[in-house]
Amino acid sequence: MLESIHNEQVKYVASLQRRKAREESQLFVIEGWRFVEEAVRRNAPIKKVFVCPERESLEWQPLLKRLSERTIPFEEVDERVLRKMSATEEPQGILAVVRQVNYAWSDLSIDPQTVLLILDGLQDPGNLGTILRTALASGVRHVCWTPGTVDIYNPKVLRSTMGAIFSLVLLPVQQPEDILSFCRERGLSVFIGDIQGSSVYHTILTGGPLALVVGNEGKGPSPAFRGTDVQRVTIPMAQDVESLNVAIATGILLYEIVRQRDFL
């Protein structure tokens, strides 16, 4: 059992709560029984699990069996050590170190039903995590984001995804020009959420693969995505409401695509 907060392994895991350490190591930390269970269920590339016997849950024995089946190493830690490694004030009793899986454009398989979600400069971790979970639920598999977007492996983002991150094809930090070039080459129609656009309910979203751009909470998408070959769509709103939270708006747009295409 790990009992010292000065242990090198403990300090290393704790360092992964910082973005720079995550980027250098290509690792990140997930916390909580449900999150770790979801990671195991979705075959996430887990490097190691740390569990606190003092906070052991009923879920531990069945989870331990699945860890053994996948030969995922685990180690017991005391409560002080768990707190040192955790990003939360009251850790549940378990956390895991997971390898980042980053894809390239060549990894994307495009078919007539493909929806590529493009996140352009989103800043709020809760919004980003909620969008990723909603994207997976609506049938999206491919997600990319531009420079300036909040770190997708930020602990707050991860908690909001509720494990969806492990089933998405993620292309980190792509320049808008490269995204648009890929879309043109592969025949994806590009739509952008914009209050100046046409009603999404009167826009045809069934003509083959498409990409949906959602932008920064305050400024919206960047000028690079406002070209003549990009179609602007908006969500009609009543009673003088000017705008919606970006996570809610993204969900509405994605499920309008679902409705028109009858994915589900």
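The values are calculated or read from the model by the stated rules, or taken from the named source; none is laboratory data. Everything numeric here is computed off the predicted structure, so don't read it as measured data. Cβ sites come from the backbone with ideal geometry, for glycine too, and all protein chains shown count toward neighbours.
Restricting attention to segment 132-157, the residues being over 20 Å from Gln175 (Cα atoms) and in contact (Cβ under 8 Å) with a residue 40 or more places away in the chain number 7.
Residue-level analysis places Ala87 outside the set of residues that are under 23 Å from the mean Cα position of the chain (by Cα) and closer than 30 Å to Arg184 by Cα. Looking at segment 200-225, which of the residues that are assigned to a strand (DSSP E or B) and more than 17 Å from Ile248 (Cβ to Cβ) is nearest to the chain's Cα centre (by Cα)? Only one residue tops the list, namely Ala211. Every residue in segment 229-264 that is part of a loop (DSSP other than H, G, I, E, B), surrounded by 15 or more Cβ atoms within 10 Å (Cβ to Cβ) and under 23 Å from the mean Cα position of the chain (by Cα), please. Matches in segment 229-264: Leu244 only. Checked against the criteria, Asp151 does not count as in a helix (DSSP H, G or I) and either under 23 Å from Ala224 (Cα atoms) or modelled with pLDDT of 95 or more (or both).
Taken together, Ile46, Ile94, Ile72, Ile118 contain a single residue that is over 30 Å from Val213 (Cα atoms) and surrounded by 22 or more Cβ atoms within 10 Å (Cβ to Cβ), which is Ile94. Within segment 213-235, being at pLDDT 90 or above and more than 15 Å from Gly121 (Cβ to Cβ) holds for Val230, Gln231, Arg232, Val233, Thr234, Ile235. Please go through segment 150-173 and give me each residue that is polar (S, T, N, Q) and surrounded by 21 or more Cβ atoms within 10 Å (Cβ to Cβ), ordered by number. Those that are polar (S, T, N, Q) and surrounded by 21 or more Cβ atoms within 10 Å (Cβ to Cβ): Ser160, Thr161. Taking the residues in segment 49-61 that are more than 21 Å from Ser167 (Cα to Cα) and modelled with pLDDT of 90 or more as candidates, determine which candidate is surrounded by the most Cβ atoms within 10 Å (Cβ to Cβ). Restricting to residues being more than 21 Å from Ser167 (Cα to Cα) and modelled with pLDDT of 90 or more, the top hit is Phe50.
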